[in-house]
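Visitor: Below you will find the structure I want to go over with you.
The values are calculated or read from the model by the stated rules, or taken from the named source; none is laboratory data. In this text the structure is predicted, and so the values were computed from the model without any measurement. Ligands, DNA and RNA are excluded from the accessible area calculation, which covers all protein heavy atoms including side chains. Shrake-Rupley method; radii C 1.70, N 1.55, O 1.52, S 1.80 Å.
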Amino acid sequence: MGNANDQCLFCRIGRGEIPCRKVYEDDEILAFHDINPSAPVHFLVIPKRHLENLYDADLAHAGMLGRMMGRIGELARSLGATDGFRVVVNNGRVGRQEVYHLHMHVIGGPEPLGSGIKRT
Ligand code: 5GP
Ligand code: ZN
């Protein structure tokens, strides 16, 4: 293939080249448990198609972004986050993004998370 995404960690997870603990998958998106969870429920939702972050998204991506968001509630509930959760998207250097493939963190658990706006 030889494109820039060959070595992207989350593209590789999306292609099944690197294993993950899968939560949900369809043709367009994949959800999997974060390897270093910051709460009892902590999974990531990614598009299989590579976008670095929301700087790369425009209205052409609205359907895909909506379908990502539209799955999160049922997935969080199925994993036991039945009384609330956070959705966090870190973007770029200032957002302290570490993996440059768009992902939504879904963070929750049985007890309330720390207060305030908090990084994952
Ligand atoms: P960011 O700071 O980019 O928003 O967060 C990246 C997240 O990806 C981190 O929470 C980190 O624990 C998670 N992560 C990094 N590498 C892997 C991996 O190989 N597998 C899984 N499942 N999660 C990963
Ligand atoms: Zn990627």
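Visitor: Quick query: amide H of VAL23 versus all other amide H atoms, modeled in the peptide plane; which residues come in under 5 Å with a sequence gap of 5 or more or a different chain?
Guide: ALA31, PHE32, HIS33
Visitor: Which whole-number percentage describes the relative contact order of the chain, with Cα contacts under 8 Å and a sequence gap of 6 or more?
Guide: This gives 28 percent for the chain.
Visitor: May I pose another question? Over the chain, with every protein chain in place, what whole percent of the accessible area is carbon and sulfur at 1.4 Å, could you tell me?
Guide: Of the solvent-accessible surface of the chain, carbon and sulfur hold 51 percent.
Visitor: Kirkwood hydrodynamic radius, computed over distinct alpha-carbon pairs, for the stretch 1-67: how many Å, to one decimal?
Guide: One over the average 1/r among Cα pairs gives 13.0 Å for the stretch 1-67.
Visitor: Report, please, the projected area of the stretch 61-120 averaged over directions, based on the convex hull of its C-alpha atoms, in nm².
Guide: Taking the Cα atoms of the stretch 61-120, their convex hull projects to 4.8 nm² on average.
Visitor: Send over a whole-number figure in Å² for the accessible area per residue of the stretch 9-108, probe 1.4 Å.
Guide: 57 Å²
Visitor: Do me a favour and compute the ellipsoid semi-axes for the chain from its Cα gyration tensor, root of five times each eigenvalue, largest one first, whole Å.
Guide: Each semi-axis is the square root of five times an eigenvalue, giving 23, 16, 14 Å.
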